[in-house]
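The structure appears right after this line, and notes come after that.
The values are calculated or read from the model by the stated rules, or taken from the named source; none is laboratory data. Predicted, not measured: the structure shown is a model, and the values here were computed from it. With ideal geometry, Cβ positions are generated from the backbone for all residues, glycine too; neighbour counts draw on all protein chains shown.
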Amino acid sequence: MSKRRKIIGAKVRLLVNVENLGGVKFEAGEILEIWQAYRGYGLKSQDGRHITRIEKSDFEFID
């Protein structure tokens, strides 16, 4: 069996530009943290911005 990876709190890099419903934009290449994993992923930045329902294909994990 493979070792399970902790998802909540993991650092990821965005691969696409996205915008949340409030109009806050997230640029491709930005480093974010996963804080939610329900119906897609919820990501937040260090300065408090957040976005929900991001598909796994829109970001990559950073080791």
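So the values come out like this:
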{"quantity": "Search result, residues across region 22-45 that are in a loop (DSSP other than H, G, I, E, B) and either of a type in the set (Ser, Thr, Tyr) or within 15 Å of residue 8 (Cα to Cα) (or both)", "calculated": "38, 39, 40, 45"}
{"quantity": "Options 5, 53; residue that is outside any loop (DSSP other than H, G, I, E, B) and modelled with pLDDT under 95", "calculated": "53"}
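For every residue, the table says whether it meets (1) in contact with a Cys (Cβ under 7 Å, 6 or more places away or on another chain); (2) among the charged types (D, E, K, R); (3) exposed (fewer than 15 other Cβ atoms within 10 Å of the Cβ).
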{"site": "10", "(1), (2), (3)": "no, no, no"}
{"site": "19", "(1), (2), (3)": "no, yes, yes"}
{"site": "23", "(1), (2), (3)": "no, no, yes"}
{"site": "27", "(1), (2), (3)": "no, yes, yes"}
{"site": "33", "(1), (2), (3)": "no, yes, no"}
{"site": "40", "(1), (2), (3)": "no, no, yes"}
{"site": "52", "(1), (2), (3)": "no, no, no"}
{"site": "60", "(1), (2), (3)": "no, yes, yes"}
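This table checks each residue for (1) among the β-branched types (Val, Ile, Thr); (2) on the phi > 0 side of the Ramachandran plot; (3) touching a residue at least 12 places away in the same chain (Cβ under 8 Å).
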{"site": "6", "(1), (2), (3)": "no, no, no"}
{"site": "14", "(1), (2), (3)": "no, no, yes"}
{"site": "24", "(1), (2), (3)": "yes, no, yes"}
{"site": "41", "(1), (2), (3)": "no, no, yes"}
{"site": "45", "(1), (2), (3)": "no, no, yes"}
{"site": "50", "(1), (2), (3)": "no, no, yes"}
